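The values are calculated or read from the model by the stated rules, or taken from the named source; none is laboratory data. Bear in mind that the values here come from a model prediction, so they are computed numbers and not experimental data. Note that we place each Cβ from the backbone using ideal geometry, even for glycine, and neighbour counts take in every protein chain shown. Ligands, DNA and RNA are excluded from the accessible area calculation, which covers all protein heavy atoms including side chains. Shrake-Rupley method; radii C 1.70, N 1.55, O 1.52, S 1.80 Å.
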Amino acid sequence: MMKAKITLAREFKIGEIDKRIYGSFIEHLGRAVYGGIYEPGHITADEDGFRRDVIELVNELNVPIVRYPGGNFVSGYNWEDGVGAVENRPKRLDLAWGTTEPNTFGTNEFMKWCQKANTECMMAVNLGTRGADEARNLVEYMNHKGGSAWADLRKSHGFEKPWDVKLWCLGNEMDGRWQMCAKTAVDYGKLANETSKMMKWTDDRIETVLCGSSSRSSPTFGEWEAQSLDIAYDSVDYVSLHQYYDNKTDDTPSFLAKTLELEEFIYTVICVCDYIKAKRRSPKTINLSFDEWNVWYHSDFAPFERWSCAPPRLEDIYNFEDALMIGSMIITILRHCDRIKIACLAQLVNVIAPIFTQTGGGIFKQTIYYPFEHMSNFGRGVALNPIITCDKYDCKEFTDVPYIESIATFDEENETLTLFAVNKSLDEGQELTVNMLDFDGYKPFEFISMDGYGIKDENSFECEKVKPHTNELPVIDGGVMTANLKPFSWNVIRLQKIFSKNS
Ligand code: AHR
């Protein structure tokens, strides 16, 4: 067994955790909408056709915002096609995913779904085939109280009250050659700047997100952010990051080590934002919206029928090592919660998602569901940077990879402290001692873990094999807690103040 040590103190505060860091994403793609969140006729469907079984799991996940309607889809989307009487809505070819969009589900349906799922919408506008005019019209349609053409159109569609959407994405991955009407950084920067200006003139309460590069490996990464942000700095609030990881080489140690790269990616984007801030001598700080992140590769070559409606696409079935990777990724994201205010696990249902349904059938929780659920429910308050001493490993792609990935969160109001930790060692446990410097009276009351599974074990409709279980509570003595972390495991240790120091 290896030995590891963590030191925790209230002073090691990274920042307040913005609840929107536990967001997710629904795109008109595959069976995310049709057969996912929306399936009239399904045995669990409500009067609006929303699957109640899906809403139940979304509620359990406690997702505060959901990005919509894309993704690549949004770059060819006419939002007007998806509002008004359903029988008048056109079917359109979706060039992003090679399918037919029936438009029987659109913006108002999504907003109603958000209300029922207890979440908020992060809306994306089309800056591919369309532009500033359609975007500001959509803000007027969604947020203006009435007395103007677009707001009155919404009312005539049966929605008297404005939806008041606060957060808006200025397009999607506009640097990507796969994107409809992809752009250069300068062209995009100008369009995003003008669009954001007009959207905010329509409703000055909104915030906007500038598209960063589509990933760290994008050829224009770095320069794209700098050029577009320099143009749009005064009119936007966030820059987006997107990153998916895979284990195509079947090299688990390297796969789990990719959080080192993720760390570097986040840090670099922060530096670029602050470089532009310095260059412009601006008092304004641009924060980060990590609005697409996940593991994605299992379904890469799955065939589908071109131009069919809602065929299965991107239906990754996740395994145990993916769950550990998701836990490690969200820990890494949280380590930067002073600058990352929004993050979206991409996506929510069926399409590279923690929730998986059968059209006309059942539902199950994927392996990755659980670390996200734990973080979203227990990882609130402030994030504390744990000082970690542990062994490190070398692998094909990286050197000096710490075996332990960890973060702590402290919810002062409820006097709860939670330690999240991944042990990346395939075969050795860790005797972890946690030195809690100023948490007098805090005692562990729950120790949840996922361990003991084969690295490729998956869940299915028949058997939810990979799931968390509780363990014997760690021992605590004189402010030092000792816990045994199993080999290759996800761990959540929850502590609460049991007595007050002066009592
Ligand atoms: O989430 C799937 C796709 O990944 C999104 O449509 C796109 O933005 C990204 O490339």
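Couple of notes before you dig in:
- Residue in the range 122-136 that is under 18 Å from Tyr233 (Cβ atoms), touching a helix residue (DSSP H, G or I) at 6+ places or on another chain (Cβ under 9 Å) and not polar (S, T, N, Q) present: yes
- Members of the range 335-349 that are assigned to a loop (DSSP other than H, G, I, E, B) and within 12 Å of the ligand (Cβ to nearest atom): Ala346, Gln347, Leu348
- Restricting attention to the range 95-127, the residues being farther than 18 Å from Ile37 by Cα and open to solvent by less than 10 Å² (accessible area, probe 1.4 Å) number 4.
- Subset tally (residues that are among the polar types (S, T, N, Q) and within 14 Å of the ligand (Cβ to nearest atom)) for the range 165-223: 7
- Any chance Phe398 is in a loop (DSSP other than H, G, I, E, B), farther than 30 Å from Asn350 by Cβ, modelled with pLDDT of 95 or more and open to solvent by less than 40 Å² (accessible area, probe 1.4 Å): yes
- Scanning the range 306-351 for residues that are open to solvent by 10 Å² or more (accessible area, probe 1.4 Å) and within 30 Å of Asp237 (Cα to Cα) returns Arg335, His336, Asp338, Arg339, Lys341.
- Pairing residues of the range 243-258 that are among the hydrophobic types (A, V, I, L, M, F, W, C) with residues that are open to solvent by 40 Å² or more (accessible area, probe 1.4 Å), at Cβ distances under 7 Å and at least 6 apart in sequence or on separate chains, gives Ala257/Glu397.
- Taking the criterion of being assigned to a helix (DSSP H, G or I) and either among the polar types (S, T, N, Q) or surrounded by fewer than 17 Cβ atoms within 10 Å (Cβ to Cβ) (or both), the residues of the range 156-204 that qualify are Ser156, Val186, Asp187, Lys190, Asn193, Thr195, Ser196, Trp201, Thr202.
- Lone qualifier among Lys486, Lys467, Lys424 - being within 24 Å of the chain's Cα centre (by Cα), open to solvent by 80 Å² or more (accessible area, probe 1.4 Å) and modelled with pLDDT of 95 or more: Lys467
- For the range 278-302, taking the residues that are hydroxyl-bearing (Ser, Thr, Tyr) and within 14 Å of the ligand (Cβ to nearest atom), the one that is surrounded by the most Cβ atoms within 10 Å (Cβ to Cβ) is identified as Ser289.
- Cβ-Cβ distances below 9 Å connect the following pairs, each with a first residue in the range 280-301 that is within 15 Å of Val66 (Cα to Cα) and among the hydrophobic types (A, V, I, L, M, F, W, C), a second residue that is within 12 Å of the ligand (Cβ to nearest atom) and assigned to a loop (DSSP other than H, G, I, E, B), and a separation of six or more residues or different chains: Trp293/Ala346.
- Qualifying residue in the range 10-22 (condition: within 16 Å of the ligand (Cβ to nearest atom) and within 30 Å of Pro402 (Cα to Cα)): no
- Of all residues in the range 218-231, those that are in contact (Cβ under 8 Å) with a residue 40 or more places away in the chain have Cβ atoms under 8 Å from Cβ atoms of residues that are among the β-branched types (Val, Ile, Thr) and part of a loop (DSSP other than H, G, I, E, B), 6 or more apart or on another chain, in Leu229/Val236; Leu229/Ile286.
- Residue within the range 352-366 that is surrounded by 22 or more Cβ atoms within 10 Å (Cβ to Cβ), away from the ligand (no atom under 16 Å from the Cβ) and not hydrophobic (A, V, I, L, M, F, W, C) present: yes
- Here the range 42-67 is the region considered, the condition is being touching a Ser or Thr at 6+ places or on another chain (Cβ under 8 Å) and open to solvent by less than 10 Å² (accessible area, probe 1.4 Å), and the residue that is farthest from the ligand (Cβ to nearest atom) is Arg51.
- Checked against (1) outside any helix (DSSP H, G or I); (2) of a type in the set (D, E, K, R); (3) away from the ligand (no atom under 16 Å from the Cβ); (4) crowded, with 23+ Cβ neighbours inside 10 Å, Lys145 meets all criteria but (4).
- Only one entry of Val74, Val86 meets the criterion of being touching a residue at least 60 places away in the same chain (Cβ under 8 Å) and of a type outside the set (Lys, Arg), and that entry is Val74.
- The condition (being buried (at least 17 other Cβ atoms within 10 Å of the Cβ), away from the ligand (no atom under 16 Å from the Cβ) and without any contact (Cβ under 8 Å) to a residue 40 or more places away in the chain) is satisfied by just one residue among Trp150, Trp79: Trp150.
- Flag for Ser254 being open to solvent by 10 Å² or more (accessible area, probe 1.4 Å) and under 26 Å from Lys396 (Cα atoms): no
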